[in-house]
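The block underneath contains the structure these notes are about, expressed in structure tokens.
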Amino acid sequence: MREIRLLVATAWRADRRLTLALIAEPFGNTLVLMSGLWLAMLTNGLLQHDTRQVVTGVAALVLGAGLGWQLDLSASQWRMVLGEKVAHAFDTEIARLCAELPTLDHFERAEHQDHLELLRQRQGQLGNSMSALAVTVKAVCAGLTVLVLLVVAHPAMLALVLLALPALLITKAQQRWRTTAEDASALASRTARHLRTVAQDRDAAVEVRLFGLADDLERRIGTLWTAQRRPIEHAERKVALASLAQQVLYVAGVVAAVGFVLHQALQGRSAPGDVVLAIYLSQQVQTAVIWPVQAVAGFGRTLHTVRRFRWLQDHARSASGTLPAPREILGGITLENVSFRYPGTQKWVLRNVDLTIPAGRALAVVGANGAGKTTLVKLLTRMYEPTEGRITVDGVDIADLDVHAWRHRLAAAFQDFARFEFTVQHAVGVGDLPHLDDPAHVRDAITRAGADVLAQDAQLGTAWGGTDLSTGQWQRLALARGLARTTPLVRFFDEPTASLDAFTEDALFDSMTRATDCAHGMITVLVTHRFSTVRSADLIVVLAHGGVAELGSHQELLAQGGHYARLYRSQADAFAD
């Protein structure tokens, strides 16, 4: 019922008039099914020379069937239009939910990726969901109508219903076989889609051509397609055989039932019109039992897809925390015995980390690749939750804060940045949506990032007739996005200048640390593997082996002569050479 309520509510929001209009569809189909009764009346009237029955039968047949067919035809058009609107509503909502998933856990969990893959595959069913619901209601109403007419023709004909009942068990088994086959094919389907994306991806194009991978990709995709289809085809063969057995049983029952009513008519125990009605209804018992069952089963598959959509909704709402984000940081951010490992793995990326970042200060995070620098940023931005321990801001666990409110007070630029192929104005402006169309505000961010290479109204991306940029230029735009919010609580710069030279990076990092707003307690977190560019940070933390190896200012760490001092001098010597 939750799934049905969700479907109806979505359709109601999409178009109230068309949703209400679908109510007339079952009524129209009922009028058409009543044709058998009017044919029986017409037959009896002709054989008995009863003008009243003939006129009544013809009038009811013409008016009832004509109106019913017209309602049926109109409802088909209504369902098609409403289906397009419902499909758009679901597509938009799925895109929003995927963009708002509170954490990145689903990228790390295979079962979550399988759920998303199956939702993508069956996304079209969501557009047809109201049509499936309308057809199901129509089928059930039609079945009830036929059952009543069977009693009118001859109660013994209800035996046909018993012969159709095995369809209930068969259809239930068919649904179970198909669902199992879908689940078994999800991984192969997801892998094949990934390879098709690689074959069309611009970034992979050079290596695909250089290493001659086209034939290999084609072979792999073909193998995966076969693996994906194998469980589905096996399930469909079982479905077809079960349906054939049930149909053979039913046809034998129809022959017996019609023969029985004909015998009754020849013996004078029933009217000739009852034979016509029996023949008509023997074809409609499929409508009475099998069609409703099949409609319910088909609608069940639709509800299964809606259930996956609800899973996405629930997952998007799964982040705990309802407290508002603080307006300023007074004391600082503290990591208390924080440990983290990625979902589905046993390796600790961070282990028992204790660290305090004072308000109004700039923290530089350095360490070798894989030391946990980026993971630390992901925890602070709540892209992931700590496996153990907690992170507090002024004593309040950030897990208790509303995740969207917390992120609204953050700003960031990353090494793995997005390439938004908008205009320059919007590619930077999305970093501070309230100022998306404010040219002066965006220009200031562009200038501070040194990204003023194009006019702000210039279109980016050759696919849209615009300009492509070098990796360094794209990275400067990403850095400008990270600077668009002028008064965040925390600004993160995670290797944001990896494509730039060391002199440029040093100048930018220096300006970033100097821009830290002590009045609101704003904290700046700089992540880099270049030790020579973090000298201006108030505090430097060296991560190694999943923990804090050293902590202090640049001068303090040099004086200690430890890991930081050795790596700093090593990089300085290499750069000098």
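No value in this document is a laboratory result; all are computed from the given coordinates. These numbers were taken from a predicted model, which means no experiment stands behind them. Cβ: placed from backbone, ideal geometry, glycine included. Neighbour counts: every protein chain shown.
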*Sites residue 220 and residue 462, calculated FRET efficiency, Cβ-Cβ separation with R0 30 Å, nearest 0.05*: 0.55
*What is the local net charge at residue 195, summed over the other residues whose Cβ is closer than 11 Å to its Cβ (Lys, Arg +1; Asp, Glu -1)?*
+2
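Taking the Cα centre of the stretch 420-487 as origin, work out the dipole magnitude from +1 charges on Lys and Arg Cβ and -1 charges on Asp and Glu Cβ, in debye rounded to 20.
Details: 5 positive and 8 negative charges, 49 e Å.
The calculation lands at about 240 debye.
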*Could you let me know the centre-to-centre spacing of the stretch 322-350 and the stretch 388-432, using Cα atoms, in angstrom?*
14
*Under a plain spin-label model, where a point goes 7 Å from the Cα along Cα-to-Cβ, how far apart in nm are residue 408 and residue 244?*
6.2
_Extension reserve of the residue 4-residue 95 stretch, reckoned as 0.36 nm per residue once the Cα distance is removed_ = 30.6 nm
*Please give the contour-minus-distance gain from residue 311 to residue 227: 0.36 nm per residue of separation, less the Cα-Cα distance, rounded to one decimal in nm.*
27.6 nm
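What value in Å³ per residue do you get for the convex hull of the alpha-carbon atoms in the stretch 420-487? Write down the numbers at each step before the final one.
Details: hull volume 4.7 nm³, N = 68.
Dividing the Cα hull volume of the stretch 420-487 by its residues yields 70 Å³.
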*Cross-link partners among lysines for residue 347, C-alpha distance below 27 Å, same-chain residues fewer than 8 apart left out?*
373, 378
